[in-house]
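The values are calculated or read from the model by the stated rules, or taken from the named source; none is laboratory data. As the structure is a prediction and not an experimental result, all values here were calculated from the model. Because the Cβ atoms are built from the backbone with ideal geometry, glycine has one as well, and the counts that use them run over all protein chains shown. These area figures cover heavy atoms from the full protein model, side chains too; ligands, DNA and RNA do not enter into them. Shrake-Rupley method; radii C 1.70, N 1.55, O 1.52, S 1.80 Å.
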Amino acid sequence: MLFGQTLHGTTSCLCSETEIERLKAQISTLKKKTLTPELLESSEISKMLEYSTGFTYDRFNQLCTIFGIPNDPHTTQINVPLNYKRNDWQVAEMPLRSQLLFVLMKLRNNEDLKNLAFRFNITTQTASTIFNSWIHYMFDVLGELPIWPHRDVIAQNMPETYKADYPSTFAILDCTELKIERPTSLVLQSQSFSNYKSTNTLKSLVACDPRGNVIFSSALFTGSMSDKEIVRQCGIIPLLEQLIESGYLQRGDGIMADKGFLIEEEMRAVGLQLNLPPFSRFKRQIPAGDVLVTKRIAKHRVHVERAIGKIKKFKMVSDKIPNTRLGIINHIWYVVILLHDIITALTCYFYSPLWGILSA
């Protein structure tokens with residue numbers, strides 16, 4: 001009996017050691033795994049991938065095609081189209097689809113970089129390398145895509161209510177502000193302080209068409225700069241001149257804006273009309289006709305406001321931007337705007353210039 005008990009005990013011990021080694025092997029395998037679009041898509045939480053990135057699984061795969069990476073998990077990754085400022089073994093082993101997923105999750109919900117690094121089983125330094133490298137790459141790729149449609153195409157797809165009121169007005173302008181941390185420089189503190197927001201901001205001019213597609217975005221300027229000055233400096237005036245020369249716009253076409261855009265002279269010099277809400281002069285009561293015009297313009301200006309609201313669903317630009325991000329914030333801003341346009345094109349399947357590229 002004593003011998004039998006000893007033998008049984010030895011067998012149990014060997015089984016336990018075998019089980020331990022098996023579990024260690026499983027843990028080691030799990031550590032090597034990274035988060036993938038497929039894992040989020042198969043999650044028991046409904047629409048987890050779309051919540052995390054703004055894209056459904058099919059749209060995510062179309063986005064992969066734009067960036068020249070495998071558009072399904074079974075395609076072999078042959079080449080790497082982007083350059084990394086720092087290339088380590090974790091960057092090399094992490095699939096490009098997972099890298100794009102990582103960047104989209106950061107842009108969409110602005111999760112803490114350490115938390116994302118943990119979820120993707122990479123170091124914080126590698127996470128920073130991947131994010132910065134991809135932002136530069138996405139900026140270069142998306143910057144080549146055309147986003148201003150021809151006037152005939154815009155007119156053909158105008159909402160009927162808009163067409164009835166402003167059939168030859170093809171762009172709606174507005175400025176939006178992004179909150180930033182207070183700069184350490186007193187000069188920059190003063191230049192970036194926005195009286196409208198009562199905090200330090202960066203400011204961008206955005207133009208959209210009557211369907212809510214963003215067709216122009218300026219770089220980011222300091223929050224104290226006026227709308228008029230941004231229009232003068234952002235490059236939209238030379239762009240409008242080129243659009244007229246190429247036939248995308250015609251002289252006499254209209255641009256709609258809020259009353260803060262005192263740019264009648266600039267638009268007249270280009271050959272375009274400016275539709276603004278009427279001003280109240282000498283503190284007199286606004287005439288009834290001007291009230292109707294104001295309401296009509298406000299009803300249609302909502303398209304650009306909604307577009308900006310959708311862009312700011314990418315929380316990386318709606319949350320307060322830290323000073324450490326200011327070096328690439330212009331790239332980030334343009335990338336999220338184009339991602340918004342891509343989502344719109346893939347969702348609505350209408351005339352967006354991006355649709356022909358996305359459906360190719």
Q: Output the residue which, of all residues in segment 227-258 that are polar (S, T, N, Q) and without any contact (Cβ under 8 Å) to a residue 12 or more places away in the chain, is most open to solvent (accessible area, probe 1.4 Å).
A: Q242
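Any idea which of F131, F118 is assigned to a helix (DSSP H, G or I) and open to solvent by 40 Å² or more (accessible area, probe 1.4 Å)?
Values: F131 fails: open to solvent by 40 Å² or more (accessible area, probe 1.4 Å).
None of the others qualify; the one that does is F118.
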Q: Would you confirm whether any residue within segment 259-275 is modelled with pLDDT under 95, exposed (fewer than 13 other Cβ atoms within 10 Å of the Cβ), more than 32 Å from the chain's Cα centre (by Cα) and acidic (D, E)?
A: yes
Q: Go over the candidates S192, S198 one by one and state the one that is crowded, with 18+ Cβ neighbours inside 10 Å, within 19 Å of S318 (Cα to Cα) and not aromatic (F, W, Y).
A: S192
Q) Condition test on L96, is it open to solvent by less than 10 Å² (accessible area, probe 1.4 Å), in contact (Cβ under 8 Å) with a residue 24 or more places away in the chain and in contact with a helix residue (DSSP H, G or I) (Cβ under 9 Å, 6 or more places away or on another chain)? A) yes
Q: Of the numbered conditions (1) farther than 23 Å from M316 by Cα; (2) open to solvent by less than 10 Å² (accessible area, probe 1.4 Å), T65 fails exactly one; give the number of that condition.
A: (2)
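Do any helices (runs of 4 or more DSSP H) entirely within segment 169-271 hold 3 or more residues that are of a type in the set (A, V, I, L, M, F, W, C) and within 25 Å of G143 (Cα to Cα), and if so, which? Please lay out each step first, then the result.
On the way: elements: 186-192, 227-233, 236-246, 264-270.
In segment 169-271, the matching helices (runs of 4 or more DSSP H) lie at 236-246.
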